[in-house]
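Read-outs: derived from the displayed coordinates by stated rules, not from any lab. Keep in mind it's a predicted model, so treat the numbers as computed, not measured. In this analysis, Cβ positions are derived from the backbone assuming ideal geometry, glycine residues included, and neighbour counts consider all displayed protein chains.
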Amino acid sequence: MEDKIFLNPVNETKHRQGLLGAYFDDFVNWMKKNGYPRRTTRNYVQMVTHFGRYLHRRGISSIYQLEGVRGEKLLDGYRDYCKRRGLTHRTFVLKPYLQALKERGVIIGLASRDSLLSPLTQQYLTFFRKQGNLAESTLRRNTDWIENFLRFRGEKEAAPFPTFSISDVDKFIEHEALRLRRPPHRSYVAALKSFLGFLYHSGKIGRDFSYLIERPRCYKLRSLPAVLSWSEVKRILKSVDRSTRPGLRDYAILLLLSTYGLRAGEVAHLRLEDVDWRKEAIHVVRRKMGRDLWLPLRPQVGKAIFEYLRRERPFSKYREIFLLLRAPIRPISGWGVSYVVRKHIQLAGLNLPHQGAHVLRHSFATHLIRHGASLKQIGDLLGHRNLESTHIYTKTAVEHLREVALEIPEVK
């Protein structure tokens, strides 16, 4: 009886009917496998039934119509439908349900993100991937802005790129500045320069407009990154209750960030095989640089990781070290790592304007500067391409000296 999702057989029969009802057992078993409690499973089954009725009213007769680009459009339509009716919570089931069907081999999967981009944006991606001089994360960010630009101009998916002037670009930049309520941001200005350069070099437009776009002025060392004193870093670590399940995981994450100055994504992508216990080393992939780095496994860090793995890490097929603690059990994301930092900054009673994982990265670098490490050493540890990126930390160290400097008597 305990294994039953619906205690009333009539209710279960209702949910087994219709287009999606044939996969009732597949979905329920997937939910159990991924650690969802019975109450959540019951709620999600009800949401699936609602989604099935929506599809039925629109003449969808096959589960395979959820695949590919057409399937993505159906899902977007359902999201809009729920949003208009104040039922957004019912769309929460879409991702786990489709993942369940995919893992069970019922459907192949949805359209890839690239296939949903406009043809021009897809060509832009292909061009720069072959060039190999832009990181994938940069390309992804650029494609978001390019799609915004094309939508702003009312581009049709299959239409050739029409003639336009630099004033069209200016109008878009002004529009985004008003929408975001801040001056033109370097990220979307850089994306447009990159896109216009691609259009010219690929022969799609006859003039290179990219050089006409001015990047927003950003003076070197204009602003300081948020930096904590080392005593404040220790306060954050002490705020962790290691007697709890989340505490063991969070403590290991915070130690990795503060001991090595890692990025949130680098911690999230650490895998079980990246810790070499015999050689007492930890392998980090600098994804932004595409380089590997082996770091010494400090005893305190190794102990924290080991305690988490031994006592609290959920059983899982995933090889990533750090997992979510609630269903669905999957690897933590870079955003999740930053959330851990924000949570414990607040628990430590620290009031900071920026509370993401980069606060610990900046604090780590500044701490090394104050203890005599060279810019080259710090740049290598942080994975910087050049010393300009590291030089900002010399200013944070100088600002700290100003705060603690002894008062000098006035000379008369």
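Points to keep in mind about this one:
- Global geometry of the range 11-135, whether rounded, prolate or oblate, following the gyration tensor of its Cα atoms and the 1.5 cut on a/c: prolate
- Relative exposure of 31, 47, judged by other C-beta atoms within 10 Å (fewest first): 47, 31
- Relative contact order %, the range 9-103, counting alpha carbon pairs below 8 Å whose residues are six or more apart: 32 percent
- Taking the average, over residues, of other Cβ atoms within 10 Å as the packing measure, peptides 53-59, 266-272 rank 266-272, 53-59 from highest down.
- Modelled FRET efficiency - R0 45 Å, residue 229 with residue 292, Cβ distances, 0.05 increments: 0.90
- Scalar couplings 3J(HN,Hα) for the range 342-347, obtained by applying the Karplus form with A = 6.51, B = -1.76, C = 1.60 to θ = phi - 60°, are 4, 4, 7, 5, 5, 5 Hz; x denotes Gly and Pro.
- FRET efficiency for the pair residue 281 and residue 89, taken as 1/(1 + (r/R0)^6) with r the Cβ-Cβ distance and R0 = 51 Å, rounds to 0.65.
- Label separation (residue 43 vs residue 335): 1.9 nm, computed from points 7 Å beyond Cα along the C-beta direction.
- Cross-link pairs exceeding 26 Å in C-alpha to C-alpha distance, out of 238/303; 33/279; 32/95; 102/343; 234/303; 130/204, comprise 33/279; 102/343.
- Potential extension, residue 76-residue 171 segment - 0.36 nm per residue separation minus Cα distance: 31.3 nm
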